[in-house]
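First, the structure itself, so that you have it in front of you.
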């Protein structure tokens, strides 16, 4: 059995070394896409075109490698979303000799003179494109897309518009490495991208412009300072309480759906949204005067996976997707009705967290959770913050808060 040489072509034949060229020349079977094989039209050996039926290609490679020298040609770097990664799933890695080269992404960033160690890389080839959630780009400042013919620059621009992800400069790089056909185009308005036809292959690079970078704190973290949020009359879950609340929500998956009931300033939902970039936050607030604060804060942090609803919950709860997590930060005299609806709609093994400063609502929260089969836990939080005095500091207490939490059981329990 002879080893298979998988050779990355880089951005063109000129990127191949004499060693690479000698291996290609000596190959009994040369495998690659039609574009790759056309680069070696004078090759005297057998050729095999890679098609969408990769299993058939692999079967033929396995058969021929028993007696023949097989070379597989790859775009860019074979192990960077390339054929090398695919072959390693079917063929023992001991029989694969990978020859790395310049990837399209590294070539793209080099072409525009931009470092890319901090870039988010996304492939839109095949089924991965159907799973990718564009809202997860809200906190990114540098993104590169590997496109295909169906999911190209126009598709990316339309998805950015749909998710209201503005503020990126949009760069399309066509035919990288081709002396005559290489083209780099910049766009500041996404709709303009749809009016242009682009050659394939191409990649797309998004760069957050400086004026929009100022809208996102580079020190984003759980329990951010209250002054970063616009709020009315102090109606905000305070930083220290927010941190504990988010820990009780246990946002362990990036695609959780969270209801933020009585959203107020939106601070809990916004900080949760960073932890569930592929998920969704529904910020529900009945007071129309606070909706402006929530929207302002969402835009300030450039988050797009938060939907704001001006509802007197549970009215309109049918508009919300079934939640994995629920935070109730407000409820007033309607807390019991709100909680029964939440217990009913919450997914099995989902978590509810209730914050309240009222003794009566603490009792209500515990009782309703127990009626619905939950085994609630409660913590009482008293926070004091230092305040300067003429000759030192004193502690100023905040309102004490009860945090009640519980997980929905697997089996259905009828409310008592």
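Within the range 293-320, which residues are surrounded by fewer than 14 Cβ atoms within 10 Å (Cβ to Cβ) and either within 26 Å of residue 141 (Cα to Cα) or in contact with a strand residue (DSSP E or B) (Cβ under 7 Å, 6 or more places away or on another chain) (or both)?
299, 316, 319
Does the range 77-94 include one or more residues that are touching a residue at least 60 places away in the same chain (Cβ under 8 Å), over 30 Å from residue 206 (Cα atoms) and touching a strand residue (DSSP E or B) at 6+ places or on another chain (Cβ under 9 Å)?
Checking the range 77-94: at least one residue is touching a residue at least 60 places away in the same chain (Cβ under 8 Å), over 30 Å from residue 206 (Cα atoms) and touching a strand residue (DSSP E or B) at 6+ places or on another chain (Cβ under 9 Å).
Is the range 303-312 home to any residue that is in a helix (DSSP H, G or I) and in contact (Cβ under 8 Å) with a residue 24 or more places away in the chain? So that I can check it myself, show each step before the final result.
Going residue by residue through the range 303-312, those that are in a helix (DSSP H, G or I) are none.
No - not one qualifying residue is present in the range 303-312.
Output the number of the condition that residue 51 fails; it satisfies all remaining conditions of (1) under 35 Å from the mean Cα position of the chain (by Cα); (2) in a helix (DSSP H, G or I); (3) exposed (fewer than 12 other Cβ atoms within 10 Å of the Cβ).
Answer for residue 51: the failing condition is (2).
Tell me which residues, restricted to the range 342-358, are assigned to a loop (DSSP other than H, G, I, E, B), closer than 14 Å to residue 381 by Cα and touching a residue at least 12 places away in the same chain (Cβ under 8 Å). Steps first, please.
To start, the set of residues in the range 342-358 that are assigned to a loop (DSSP other than H, G, I, E, B) comprises 346-350, 357-358.
Okay, now just the ones that are also closer than 14 Å to residue 381 by Cα, so 357-358.
If the condition is that a residue be assigned to a loop (DSSP other than H, G, I, E, B), closer than 14 Å to residue 381 by Cα and touching a residue at least 12 places away in the same chain (Cβ under 8 Å), then 357 is the only one that fits.
Here's a follow-up. Could you list, in sequence order, all residues of the range 378-412 that are free of Cβ contacts under 8 Å to residues at least 40 places away in the same chain, under 36 Å from the mean Cα position of the chain (by Cα) and surrounded by fewer than 14 Cβ atoms within 10 Å (Cβ to Cβ)?
The initial filter retains those residues of the range 378-412 that are free of Cβ contacts under 8 Å to residues at least 40 places away in the same chain, namely 378, 380, 382, 384-397, 411-412.
Still in the list and also under 36 Å from the mean Cα position of the chain (by Cα): 378, 380, 382, 385, 411-412.
Passing the criteria: 380, 382, 385, 411, 412.
Within the range 55-72, is there a residue that is more than 38 Å from the chain's Cα centre (by Cα), part of a strand (DSSP E or B) and in contact (Cβ under 8 Å) with a residue 60 or more places away in the chain?
Within the range 55-72, one or more residues are more than 38 Å from the chain's Cα centre (by Cα), part of a strand (DSSP E or B) and in contact (Cβ under 8 Å) with a residue 60 or more places away in the chain.
Restricted to the range 1-34, and to residues that are part of a strand (DSSP E or B) and more than 21 Å from residue 67 (Cα to Cα), which residue is modelled with the lowest pLDDT?
Initially, the range 1-34 is screened for residues part of a strand (DSSP E or B), giving 4-8, 10, 29-32.
Now drop any that are not more than 21 Å from residue 67 (Cα to Cα), which leaves 8, 10.
Numbers: 8: 94, 10: 91.
In this case the residue turns out to be 10.
Residues checked against (1) assigned by TED's automatic domain parsing to the domain that holds residue 201; (2) in contact with a helix residue (DSSP H, G or I) (Cβ under 9 Å, 6 or more places away or on another chain); (3) within 21 Å of residue 34 (Cβ to Cβ); (4) crowded, with 17+ Cβ neighbours inside 10 Å:
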{"site": "74", "(1), (2), (3), (4)": "no, yes, yes, yes"}
{"site": "79", "(1), (2), (3), (4)": "no, yes, no, yes"}
{"site": "82", "(1), (2), (3), (4)": "no, no, yes, yes"}
{"site": "109", "(1), (2), (3), (4)": "yes, no, no, yes"}
{"site": "115", "(1), (2), (3), (4)": "yes, yes, no, no"}
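So that you can scan it fast, the table gives a plain yes or no per residue for (1) in contact with a helix residue (DSSP H, G or I) (Cβ under 7 Å, 6 or more places away or on another chain); (2) crowded, with 17+ Cβ neighbours inside 10 Å:
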| position | (1), (2) |
| --- | --- |
| 1 | yes, no |
| 10 | no, yes |
| 22 | no, no |
| 41 | no, no |
| 44 | no, no |
| 103 | no, yes |
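Let's see how each residue does on (1) modelled with pLDDT of 95 or more; (2) assigned by TED's automatic domain parsing to the domain that holds residue 325:
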position	(1), (2)
367	yes, yes
374	yes, yes
380	yes, yes
388	no, yes
412	no, no
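The values are calculated or read from the model by the stated rules, or taken from the named source; none is laboratory data. Model, not experiment: these values are computed from the prediction. With ideal geometry, Cβ positions are generated from the backbone for all residues, glycine too; neighbour counts draw on all protein chains shown.
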